[in-house]
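Shown next, in structure tokens, is the structure this report addresses.
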Amino acid sequence: MTTLLQVNHLNMRFGGVVALNDCNFQVEKNSITALIGPNGAGKTTAFNCITGFYRANQGQLHFFPPNRPSVNLIQLLGQPFTWTDPIHPRRTLKKLGYKLFGGPHRIARAGIARTFQNVRLFKEMTVLENLLVAQHRQLVGHFLSGILNAKNFRKAENNALDHAMKWLAFFQLTTEANRLAGQLPYGHQRRVEIARALCTDPILLCLDEPAAGLNPQETKALSQLIRRLQKELHLTILLIEHDIGLVMELSDHVIVLDYGEVIAQGPPAAVQQNQKVLEAYLG
Amino acid sequence: MELAILAQQTLNGLILGATYGLIAIGYTMVYGIIGMINFAHGEIYMVSAYVTAIFLAVLHYFGLANVPLMLLAVLLATMFVTALYGWFLERIAYRPLRGSTRLAPLITAIGLSLILQNYVRLSQGARSQGIPSLLQGSFAITLGNDERLVQITYVQTLIIIVAFLSMAILTVIMHHTSLGRACRATEQDRIMASLLGIDTDRIIATVFVIGAAMAAIAGVLVTLNYGSFDFHIGFVTGIKAFTAAVLGGIGSLPGAMLGGLVLGLSESFFSGFVNADYKDVFAFSLLVLVLIFRPSGFLGHPQVVKV
Amino acid sequence: MKTFILQPLTTATLVLILTTPISGLVLNGYDFNLKWQPPLLLALTAFFLHLGLMILNRRTTQKKSASSQKTSHHPAWPRLATILLPLLGLILPFLLGKYWLTIAILALIYILLGLGLNIVVGLAGMLDLGFVAFYAVGAYGFALGQEYLGLSFWAAIPLGAVLAATFGVILGFPVLRMHGDYLAIVTLGFGEIIRLVLNNWITFTGGPNGVRVDFPTLFGLEFSRHAKQGGTPLHEFLGIDYSSNHRYLFLYLTLFLVVLATIFLITRLKRMPLGRAWEALREDETACRSLGINHVTVKLSAFALGAMTGGIGGVFFAVSQGFVNPTSFTFHESALILAIVVLGGLGSIPGVISAAIIVTVLPELLRDFSDYRILIFGLAMVGMMIWRPQGLVRTTRPVFQGL
Ligand SMILES: Nc1ncnc2c1ncn2[C@@H]1O[C@H](COP(=O)(O)OP(=O)(O)O)[C@@H](O)[C@H]1O
Ligand SMILES: [Mg+2]
């Protein structure tokens with residue numbers, strides 16, 4: 001087993017609220033890792049730090065994509081300027097570069113895709129368009145040929161459409177392709193969001209409560225799909241979930257957060273027996 | 001002599017800054033509570049200048065001659081009517097848009113300011129209007145050797161006193177009454193506040209009313225000071241008051257006053273010592289620079305966008 | 001039933017109290033005149049408006065329960081129209097007199113400006129309140145370029161576009177990183193800065209007096225009765241009678257081509273990754289970033305493209321007026337262009353075109369109402385946002401078939 005994501009000493013505060021306090025954990029390659037904990041424990045905040053939407057106050061986040069150099073995720077966000085900067089012009093220039101061009105999108109490009117707790121689709125666009133936007137990076141190069149609607153643009157566009165349709169088929173959404181995303185039933189929206197994240201060809205897929213608001217059948221179907229993502233497509237999945245049944249059935253590794261601290265981690269069966277975890281959930 | 005000019009510009013800056021601060025309160029409170037720039041707020045101020053003149057004329061017509069009484073009556077009546085305008089705008093134009101797109105209330109605000117401007121222009125004519133000067137006379141502050149340092153008119157004194165008094169009263173209301181608590185709770189978390197039984201719609205309306213009333217105080221004071229106004233004055237003053245709100249830290253009440261004073265003083269010094277033609281350019285550039293380098297202003301908190 | 005009278009009555013009373021001081025008591029020097037009609041009229045309007053709305057609301061809530069979900073994917077702009085309308089536009093100027101020709105040119109300029117701002121506001125969802133700045137940059141760029149450097153009209157079109165885009169990028173780059181509505185106020189401030197500088201820098205821009213602009217030549221052919229710029233007059237070259245219409249015809253046709261090209265460009269862009277990314281940013285910026293899209297560069301491209309269109313519009317404006325001065329570039333102008341985009345339905349090209357034509361032609365037809373023009377636009381903007389935030393025509397989404 002090799003590590004894909006290494007989280008060390010992660011700290012995040014909002015004013016007086018300590019949302020994450022010295023969190024350490026790792027995500028193994030090709031595993032399904034679950035992040036659980038009571039409401040307000042800091043799970044979403046951890047996701048936001050990993051995917052760069054929040055800048056962690058302290059700590060390191062390292063991503064080790066296979067066959068590529070490792071990535072320091074925090075650096076991609078750019079560092080704040082300090083008073084000593086004028087003495088180190090090279091460092092300052094680098095900072096400036098990250099400040100201008102850095103941000104969560106760089107982390108997404110490094111291979112980490114995510115969904116959101118409260119579904120964030122482009123509601124006034126069709127499902128297919130949603131998935132095409134996710135492939136923006138592969139398509140945007142064909143600018144001139146796009147204006148002229150030339151052959152290589154059409155080819156790239158068709159490839160993107162095929163790719164999108166492949167994921168829609170995977171999630172059984174083919175019939176919804178041309179509907180407005182905002183008009184779909186909630187369960188479908190959740191799946192469209194996952195399909196959209198997958199269109200970016202990620203290495204690590206982070207799912208924030210993917211089963212929230214789904215009925216038991218939908219949840220079961222979803223858990224099978226997540227399993228297939230891991231087994232057939234060799235993706236690594238990090239997921240936040242409240243449905244303990246789902247977590248126990250699906251995950252290889254469970255991390256329990258409470259009040260911003262990792263109180264237990266390990267295989268699901270071991271975590272289930274852990275005294276602290278029982279206390280956190282019951283007391 | 002240099003010192004005298006400096007002192008005079010400082011005084012002008014304070015006066016200017018106090019009025020900016022009063023208007024900025026409307027921007028800052030509305031932004032704090034619904035996260036939206038109420039562009040029409042500058043026009044509310046403009047309306048209050050007209051209302052001031054109209055009430056003065058009416059009182060004059062009925063033969064009221066006691067100046068302090070007249071001023072008090074005009075202040076209260078203007079505050080009432082202007083606050084009603086603020087309430088009305090919120091009710092018919094902003095409330096229906098809650099939960100609409102982010103762009104919608106902004107566009108509505110632009111539409112409202114066009115409406116208000118042209119409503120006043122069509123009703124009152126395009127030329128500038130004025131009021132007779134009611135309070136004449138001034139104090140002179142002198143240095144030891146009888147050299148005159150600065151001249152403060154009665155109206156200017158009144159402006160400073162009224163502005164700071166109303167600021168103080170507002171602060172007390174916001175911090176020591178249940179209404180103030182409800183306002184601050186709604187500002188923190190609107191959904192949570194409504195779950196706790198606070199009528200957030202009413203609180204938002206109240207904030208519009210308070211903002212408009214403060215703008216009305218500014219309108220009365222400035223009108224007394226300059227004596228003339230037209231239907232255009234809301235636009236530039238509005239942007240500057242907004243600048244003051246941003247400078248002080250949008251969402252912060254003391255910040256609004258502080259930002260107003262800083263903007264007033266720096267604008268007054270700029271026009272006194274650098275170039276009076278470019279004083280508006282200076283103020284707008286200041287706005288742009290602050291937004292780029294310190295969007296949280298002096299007293300605001302840098303905000304993390306909740307994902 | 002009682003509320004049906006009571007609520008509108010309250011509204012009417014309120015409006016009466018509200019409007020009496022401003023519209024009922026009109027200042028006359030230090031005195032005032034009493035006018036009782038306007039407040040009563042306004043109150044009466046408010047009464048019936050409220051009543052009407054209440055009745056309407058009851059109807060629609062009753063209907064809604066019965067009606068089904070709407071999915072309209074009809075092409076909004078049938079193929080026939082895309083051929084016929086440009087043809088009509090080409091024929092039109094030959095049927096118009098000089099007066100209406102100048103108005104048609106103005107309408108085209110506003111179409112161009114509307115299309116430009118539509119990219120920024122309608123597609124990318126950023127409220128730009130200082131659009132007039134780019135218009136001014138184009139107009140003054142040409143006027144001053146001609147005055148100081150002898151810049152020709154044909155060179156000014158691309159240069160004006162590039163200059164405006166550069167301004168857009170310089171302003172946009174720092175501002176577009178910021179979240180939310182600050183963009184609106186910064187662009188507003190920027191528009192005012194440009195106007196004030198143009199107004200106050202008298203030695204360079206001529207201040208309020210403005211700058212004169214010469215009419216362009218076409219391959220050395222001039223549009224005046226007698227050659228002034230060292231070429232041959234067009235009418236002599238063609239062997240026809242001189243008509244002052246020729247120059248307007250020429251301007252109309254050139255502008256028409258530019259507008260067509262812009263429409264083509266935007267239609268293509270809407271179906272390209274860049275255009276999709278604009279709309280996606282409008283819908284949800286956070287989601288876009290989670291998909292690896294750099295929001296700053298994408299927004300910047302929209303901003304620069306909009307600015308470019310504004311700049312080109314400015315060049316044409318300068319030529320059509322023969323003269324530019326700062327009064328043409330006030331905030332009202334920005335608001336007018338915004339009104340065009342909003343009334344056109346935020347994002348819809350046919351909408352923007354029709355709104356631009358309405359906004360420029362209607363005041364000419366209804367001369368008596370010209371005073372009320374801006375008031376009406378303001379009312380329309382507010383009404384649109386409340387009742388039809390998606391615009392008059394809901395923009396249709398592209399449908400991908402055969403999959
Ligand atoms: N942007 C923010 N600003 C202030 N507080 C926040 C923000 N995001 C999260 N928090 C706080 O951090 C804590 C953890 O929240 P969260 O990570 O959403 O919990 P959960 O485990 O339920 O996903 C909560 O107390 C929440 O109020
Ligand atoms: Mg959460």
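Read-outs: derived from the displayed coordinates by stated rules, not from any lab. Bear in mind the structure is a predicted one, so any value in this text is a computation, not a measurement. Glycine also receives a Cβ, built like all others from the backbone with ideal geometry; neighbour counts cover every protein chain displayed.
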* Structure fact -> The relative contact order of chain A, taking Cα pairs under 8 Å that sit 6 or more residues apart, comes to a percentage of 26
* **Residue-averaged beta-carbon neighbours from other chains (10 angstrom radius) around A:173-183** => 2
* Structure fact -> Of all lysine pairs in chain C that are eight or more residues apart or on different chains, those with Cα atoms under 24 Å apart total 4
* Asked: Taking 0.36 nm per intervening residue step and subtracting the Cα-Cα distance, what contour gain separates A:Thr82 from A:Gln224 on full extension?
  -> 46.2 nm
* With Cα atoms, 0 to 90° folded angle of helix B:154-176 axis to chain B main axis -> 20
* With N residues in the stretch C:229-280, what two-decimal value do you get for its Cα radius of gyration over 2.2 N^0.38 Å? -> 1.92
* Restricting the stretch B:72-129 to trypsin sites (Lys or Arg not before Pro) in coil, as DSSP defines it, with at most 11 other Cβ within 10 Å -> B:Arg127
* **Of the DSSP H helices in chain C, those whose Cα atoms cover at least 18 Å axially and whose Kyte score averages -1.0 or more** => C:2-19, C:37-64, C:79-95, C:98-117, C:131-149, C:153-175, C:182-200, C:245-270, C:295-321, C:331-344, C:349-365, C:373-387
* Structure fact -> Expected max-MSF residue from A:Arg68, A:Arg179, A:Arg227 in the GNM of chain A (alpha carbon, under 10 Å) is A:Arg68
* Asked: Which of the lysines could be linked to B:Lys240 by a straight reach, that is with a Cα gap under 20 Å, when you skip same-chain ones fewer than 8 residues away?
  -> B:Lys279
* Report, as a whole number in µm² per second, the diffusion coefficient that Stokes-Einstein gives for the stretch B:8-109 at 25 °C and 0.890 mPa s using the Kirkwood radius over alpha carbon pairs. => 157
* Please work out whether the protein assembly as shown counts as rounded, prolate or oblate from its C-alpha gyration tensor, where a ≥ b ≥ c are the square roots of the eigenvalues and a/c under 1.5 means rounded, while otherwise a/b larger than b/c means prolate and anything else oblate? => oblate
* Asked: Of the peptides B:249-257, C:263-271, how do they stack up when ordered by the mean number of other Cβ atoms within 10 Å, highest first?
  -> B:249-257, C:263-271
* Report the label-to-label distance for A:Arg154 and B:Val172 in nanometres (one decimal), using points 7 Å from each Cα along the Cα→Cβ vector. => 7.7
* To do: Please tell me the relative contact order of the stretch C:2-56 in percent, rounded to the nearest whole number, where contacts are Cα pairs under 8 Å and at least six residues apart.
  => 45
* To do: Provide, in order from the shortest bin, the percent of all Cα-Cα pairs of the stretch A:1-127 in each 5 Å bin, continuing until the bin that contains the maximum pair distance.
  => 2, 9, 17, 19, 20, 15, 10, 5, 2, 1, 0
* Structure fact -> Computed D for the stretch C:2-56, Stokes-Einstein, Kirkwood radius over alpha-carbon pairs, 37 °C, 0.692 mPa s, to the nearest µm² per second, is 278
* How many partner chain Cβ atoms sit within 10 Å of a residue's Cβ in peptide C:321-334, on average, as a whole number? -> 1
* Asked: How much space per residue, in cubic angstrom, does the convex hull of the C-alpha atoms of the stretch B:163-203 take up?
  -> 63
* To do: Take the Cα radius of gyration of the stretch B:2-293 and divide it by 2.2 N^0.38 Å, with N its residue count; two decimals is plenty.
  => 1.02
* Given charges at beta-carbon only (K, R positive; D, E negative), |dipole| of the protein assembly as shown in Debye -> 2180
* In nm, to one decimal, how far is the modelled label at A:Val17 from the one at C:Leu85, with both set 7 Å along Cα→Cβ? -> 4.9
* Approximate spin-label separation B:Gln151-C:Asn245, in nm, with each point projected 7 Å along Cα-to-Cβ -> 6.6
* Please give the FRET efficiency for A:Ile244 paired with B:Arg98, using the beta carbon to beta carbon distance and R0 = 45 Å, rounded to the nearest 0.05. => 0.75
* Structure fact -> Quick shape check on the stretch C:151-214: root eigenvalues a ≥ b ≥ c of the Cα gyration tensor, a/c under 1.5 is rounded, otherwise prolate if a/b tops b/c, else oblate, and it reads oblate
* In nm, what is the difference between 0.36 nm times the number of residues separating C:Gln7 and C:Thr102 and their Cα-Cα distance? -> 29.3 nm
* Can you give the charge dipole size of the stretch C:84-387 about its Cα centre, rounded to the nearest 20 debye, using +1 on the beta carbon of Lys and Arg and -1 on the beta carbon of Asp and Glu? -> 380
* More than 33 Å apart - percent of Cα-Cα pairs taken over chain C -> 43
* Is there a pair in A:Lys43/A:Lys276; A:Lys29/A:Lys231; A:Lys166/A:Lys220 whose C-alpha atoms are over 19 Å apart, and which pairs would that be? -> A:Lys166/A:Lys220
* Structure fact -> Largest fluctuation, B:Asn118, B:Asn66, B:Asn38 only, Gaussian network model of chain B with Cα springs under 10 angstrom, belongs to B:Asn66
* To do: Can you tell me the relative contact order of the stretch C:84-387? Whole percent, Cα pairs under 8 Å, sequence separation 6 or more.
  => 37
* Structure fact -> Mean other chain Cβ within 10 Å across A:137-143 is 4
* Structure fact -> Kirkwood Rh for chain A from C-alpha pairs, in Å, is 20.2
* Asked: Build a GNM of chain C with springs between Cα atoms under 10 Å: which of C:Gly114, C:Gly210, C:Gly239 gets the top mean-square fluctuation?
  -> C:Gly239
